[in-house]
Each structure stands twice: as C-alpha cells, then as structure tokens.
Amino acid sequence: MRKPIIAGNWKMHKTRDEALQFIYNINQNVPSSEFVESVVCAPAPILRDLVKRQGDSLRIGAQNMHYLDTGAYTGEVSAPLLENIGVEYVVIGHSERRAYYNETDTDVNKKVHQAFNYNLVPIVCCGESLELRESGQTDQFVKGQVEAALKGLSKEQVSSLVLAYEPIWAIGTGRTATSEMANDTIKGIRSVVKGLFGEVVSEAVRIQYGGSVKPANIDELLSMSDIDGALVGGASLDSESFLALVNAAVKK
C-alpha cells in the first residue's frame, strides 16, 4: 500500500515571518508521518528557518535546484546546499520552470540524478497544455516527459521518487481535471513506469495530482485508485486549508 503524500508548493509567496507563523500553526496538528507524508516546498531563502522548526511529522522541500554541484550560476541553488541545511525534498520540472525558464526534459533528468546524489527525494512534474489535451495528445506527451525524466535511473531510485501529474491548463486557473480524468492519465503514467522498470516498481512509485487542488475536491481525487496524493499551490498557503488536505489523505 502506497503512503499518500501531500506537498504544498508555496511558489513566490510568504515572507519569513509569515512562513514561520504557518509552521507554528500546523506543527502540533499535522497527522503522523506513519499515515501521510506532509511536505512544504518553500522559497530558498527561508528553507533553513523552516527546517529548524519543522515538527516530527512535517518535512521541508525546495522548489528547484541546479544539476551541478557548484559553478558560476548566479541565483541558482545547489543540491549540496539543500542537503547541508536539512532539506529532504525538491520539486523538479514544474511547468512554470519549463515555461518561464526554458527547462528541458534533459535538464529535468540531470536534476533528478543530482537529487539522488545528495539524498533528496525528487518530486518530478509532468503535464500537458490545453491544446495537447484537446487534440488527444495527452498520453503521448506525458509519456515522453516521464521517459525522459527517468532515463538512467535504477529501479530502487524510481520506486522512491514521487511523480506529480499537473495538467498545465489546471494550474492556478480554478479548473480541475475530473477525478476520473486525472486518474486515467495517472494510470497511463504508471503503465509507462511498468514498461520501463517492471510491475513491482510501478506499483511502488507514488504519483500525485496537482492543479487547483483544494479541500473541496481533495476527497474525491484521493478516492481514485492511482492518485497517491497532491502537489498543491494556492490551497497550501493557508494553515487550516493545508491541514484539511493532509487530514484527507489519512483517510485514503
């Protein structure tokens, strides 16, 4: 049985004081990590502050990182630094990184390998545009993203990472794929993993849904056979909303 994982992606939101207040609000109320993994992916400058204050059942993730250890890459964050300050997760290949910063499938694959080099759990994103969805190309496009992201990984690595299916047309738009639509695509992703690494790995890997997830729709999404959690944007910014999401996952 796959343990559900709820990861909040704060994007470019919250000051240090706001972030600390959020952590203080939820620390004593986050369900046990025995039942659900609860993760907050925060802006880089406040990661260490949050790691120092995370409770026993909350973990902190980064929203991005470079695929090299060091170098003249102004504004980037390295995996060694993230490991050193106690970060445990990192979002890789989010559609906003791909769209605004020209990240390629090759970049995503390099970052996934680098995450494993430094004991970070990658949350690897994939998802299609509205145009691709409407033209019936979703499965083919997402299959290509997943195959590229997982290239060269071992079975053990793939079993331990997290995949996040986020249809671009549903991110921050208020539009959400129906639970059945999301589950069908995620089943397809699991099938891709099975073809590459075998059934044991495909049944072990956890696949989240992301895209306008909120307390009002989380129960329906998590009731689906292949949805193992959620990567959540706006609804993760409020402490009560975040707790509602992780508590819903306990019931999965």
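Before moving on, here are some points about what is shown:
- For the chain, the mean residue ellipticity at 222 nm estimated from helices alone is -12500 deg cm²/dmol, where every DSSP H run of n ≥ 4 contributes -39500 (n - 2.57) and the total is divided by all residues, rounded to the nearest 500.
- Under a 5 Å amide H cut-off, with hydrogens placed 1.01 Å from N, Val90 pairs with Ala62, Val121, Ile123 among residues at least 5 apart or on other chains.
- Charge tally in the Cβ shell below 15 Å around Ile186, where Lys, Arg are +1 and Asp, Glu are -1, Ile186 excluded: -1
- Accessible surface, the chain, averaged per residue in Å² (probe 1.4 Å): 45
- Taking θ as phi - 60° and the Karplus parameters 6.51, -1.76 and 1.60, the scalar couplings of segment 24-34 work out to 5, 5, 9, 3, 7, 10, 6, x, 4, 5, 5 Hz in sequence order, x denoting glycine and proline.
- Dipole magnitude for the chain: about 240 debye, using +1 per Lys or Arg Cβ and -1 per Asp or Glu Cβ, origin at the Cα centre.
- Extension gain, Lys251 to Lys187, is 20.9 nm, computed as 0.36 nm per intervening residue step minus the present C-alpha separation.
- Tensor-based shape of segment 115-252 (alpha-carbon gyration tensor, a/c under 1.5 rounded, otherwise prolate or oblate): oblate
- Prolate/oblate/rounded call for segment 59-172, Cα gyration tensor, a/c under 1.5 rounded: prolate
- Relative contact order (%) - criterion: Cα under 8 Å, at least six apart; region: the chain: 22
- Cross-link pairs Lys11/Lys111; Lys110/Lys251; Lys194/Lys214; Lys11/Lys214; Lys11/Lys110 - those with Cα-Cα distance over 25 Å: Lys110/Lys251; Lys194/Lys214
- Straight Cα distances below 19 angstrom link Lys151 to the aspartates and glutamates Glu103, Asp105, Asp107, Asp139, Glu199, Glu203, with same-chain residues fewer than 8 positions distant left out.
- Global geometry of the chain, whether rounded, prolate or oblate, following the gyration tensor of its Cα atoms and the 1.5 cut on a/c: rounded
The values are calculated or read from the model by the stated rules, or taken from the named source; none is laboratory data. Note that this is a predicted model, so its numbers are computed, not measured. We place every Cβ from the backbone using ideal geometry, glycine too, and count neighbours over all the protein chains shown. These accessible areas exclude ligands, DNA and RNA; they are computed on the full protein's heavy atoms, side chains included. Shrake-Rupley method; radii C 1.70, N 1.55, O 1.52, S 1.80 Å.
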